[in-house]
Amino acid sequence: MHEALLTLGFGLVAAAILSLSALAFTLEYSVTNVANLSHGEILTVGAYCAYLVQQHGGGVILSGLAAAAGGGLLALAVHNGVVDRFVRRGIGGLPTFIATLGVSLVIQNVLVIIFGASNLGYAVPQGAPRTVGPFLWTDTEIQIMVSTVVITVLLYVIIVHTRFGKSLRAVSQNRSLARVSGINANRVAALTWLLAGLIGGYAGFILAESVGTFSPYSGFSFFLITLTAAVAGGLGRAVGTLAGGIIVGIALEFFGGYVSASYNLAFAFAILSLVILVRPRGLFVGGRRSVFE
Amino acid sequence: MTTLSPDPVSAETATVAALDVAGLTAGYGGAPIVEGVSIRAHRGAITAIVGPNGAGKSTLLKAIAGVIRSSAGTVTVEGKDATGLPSEKLVRRGIAYVPQVANVFPQLTVQENLEMGGYSRRHGLRERADELYQLFPDLKLAHRRHAETLSGGQRTMLAMARGLMVDPAVLLLDEPSAGLSPKFQSAVWERIEQVRATNVAVVVVEQNTRETLRHAKWAYVLVLGRNRLDGKGRDLLHNDEVVNLYVGVLS
């Protein structure tokens with residue numbers, strides 16, 4: 001029992017990181033209807049931005065902000081430079097999907113050129129594990145979970161209560177109707193990608209903090225798990241995606257703890273395949289028609 | 001094009017048309033669906049666009065609203081050129097467009113749908129919503145419900161109210177009564193008449209030609225994407241050619 005609770009504690013950390021990444025991915029999807037294959041690189045770039053700040057003596061807070069800023073700028077650039085050009089011309093999912101794969105490969109290789117392909121790590125130590133109830137968490141892990149809760153609550157308030165949040169939902173539900181209502185859909189989509197990039201960049205930072213090391217390819221491997229969480233939760237739906245992130249994050253940690261951590265990715269894909277076979281619209285969507293059909 | 005009745009402009013003593021569409025050509029990238037179509041609509045009047053299936057009526061509305069691009073012709077709103085503007089800018093010029101389907105945001109509440117309709121308003125959002133709740137009392141009762149939970153008739157009302165949030169000069173309605181029961185159809189026409197009475201130029205595309213012509217001050221008949229004839233609604237109701245176009249509908 002005790003061991004299971006410890007695993008659950010690590011699972012919650014994994015769930016926090018995965019939820020942020022999946023939320024960012026689902027935001028990108030919701031306003032453009034494009035699965036962004038370069039989403040992982042937003043995380044990777046975030047991790048490297050934080051690394052640069054730490055190299056120059058910056059602390060955790062400054063590193064986190066730099067990661068968010070780097071991810072945000074990259075997401076905005078990918079949207080305005082690539083995705084939006086397809087969406088404006090009414091070119092559908094598949095060509096855009098492939099274009100974002102191209103972006104992903106370019107960014108990975110640019111990072112290899114600048115930083116090399118080997119693993120890097122942060123200088124700031126994780127801190128010794130401490131007992132919190134039945135769980136064992138380091139200071140860094142507590143920072144990861146607390147900041148995730150804060151970001152999630154902020155995001156909820158933005159989406160549900162602000163004028164921007166309402167226009168975001170309007171664009172995701174019916175872009176054409178949003179436009180005839182006077183909403184500049186391209187601008188709303190750009191701002192949504194910026195917001196997703198801020199979250200994704202920060203997720204890349206806490207992912208690297210949690211794992212201990214990162215490389216130009218870390219974001220892409222984590223993206224594959226992100227995809228599982230987002231699809232399991234129901235693509236384009238924030239609350240479902242959050243739940244998907246938590247469930248998949250905890251499930252992966254248990255699989256890693258009790259079976260084998262080396263096969264995490266295989267396990268994630270097994271979940272993804274199962275969800276697509278049994279509940280193609282996501283675990284929590286029920287019989288209702290999806291927004292995107 | 002044949003005109004059966006005196007020109008509406010002279011009848012209206014030379015007021016500027018709220019909407020003046022001249023020689024509009026538009027389509028979906030291939031051959032044009034509407035070609036050189038001209039229509040005019042005045043404030044405080046219902047203008048109908050009728051015609052058989054495939055006449056390009058809905059396409060015409062989409063082109064006027066900027067949803068699709070027109071390749072030729074001009075659109076003038078209240079005397080100002082608005083040709084080629086994207087839909088989010090046209091709405092600021094006073095054009096409100098209500099599509100036939102997917103005309104509400106399903107997972108926004110009624111209230112939020114109205115807020116989005118008034119997105120381009122700088123102020124007076126709440127006052128305008130209250131005015132529209134008076135015009136559509138059903139919506140007031142349902143203002144916190146998601147649009148997807150509304151009945152078909154309520155959804156049509158919400159779609160119209162969403163369009164009216166900007167206090168438009170021109171309201172373009174694409175088949176507002178399609179798919180509704182006869183009871184709701186007459187309720188929709190009652191609302192359209194009320195909206196018209198608030199000095200809006202209402203442009204209606206409809207399949208139910210007889211009912212539409214009864215309400216229309218002026219009506220245009222489109223055939224194969226071109227103007228065929230136009231005239232007072234009631235005159236067209238008894239016009240042999242119109243009757244022939246709609247055998248089984250009017251008889």
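The values are calculated or read from the model by the stated rules, or taken from the named source; none is laboratory data. None of the values given here were measured: they were computed from a predicted structure. Neighbour counts run over all protein chains shown; Cβ positions are idealised from the backbone, glycine included.
Of note:
- Residue among A:211, A:160, A:188 that alone is within 11 Å of another protein chain (Cβ to nearest Cβ) and out of contact with any Leu (no Cβ under 7 Å at 6 or more places or on another chain): A:160
- Test: residue in region B:66-80 that is over 23 Å from residue B:155 (Cα atoms), without any contact (Cβ under 8 Å) to a residue 12 or more places away in the chain, more than 8 Å from chain A (Cβ to nearest Cβ) and not in a helix (DSSP H, G or I): no
- Only residues that are modelled with pLDDT of 90 or more and not β-branched (Val, Ile, Thr) were counted across region A:225-242, and they come to 4.
- Restricting region B:100-130 to residues that are in contact with a Lys or Arg (Cβ under 8 Å, 6 or more places away or on another chain), of a type outside the set (A, V, I, L, M, F, W, C) and more than 7 Å from chain A (Cβ to nearest Cβ), the residue that is farthest from residue A:30 (Cα to Cα): B:128
- Qualifying strands (runs of 3 or more DSSP E) (wholly inside region B:169-251; at least 1 residues being over 17 Å from the mean Cα position of the chain (by Cα) and buried (at least 18 other Cβ atoms within 10 Å of the Cβ)): B:226-232
- Test result for residue B:142, crowded, with 19+ Cβ neighbours inside 10 Å and out of contact with any Lys or Arg (no Cβ under 7 Å at 6 or more places or on another chain): yes
- Matching residues in region A:175-198 - criterion: being more than 21 Å from the chain's Cα centre (by Cα) and surrounded by fewer than 23 Cβ atoms within 10 Å (Cβ to Cβ): A:175, A:176, A:182, A:184, A:186, A:187
- Qualifying residue in region A:253-262 (condition: in a helix (DSSP H, G or I), modelled with pLDDT under 90, over 15 Å from residue A:20 (Cα atoms) and aliphatic (A, V, I, L, M)): yes
- For residue A:91: the one exception among (1) assigned to a helix (DSSP H, G or I); (2) closer than 26 Å to residue A:74 by Cβ; (3) of a type outside the set (D, E, K, R); (4) without any contact (Cβ under 8 Å) to a residue 12 or more places away in the chain: (1)
- Candidate set: region B:26-54, residues that are within 15 Å of residue B:228 (Cα to Cα) and of a type in the set (Val, Ile, Thr); chosen: the one farthest from the chain's Cα centre (by Cα): B:33
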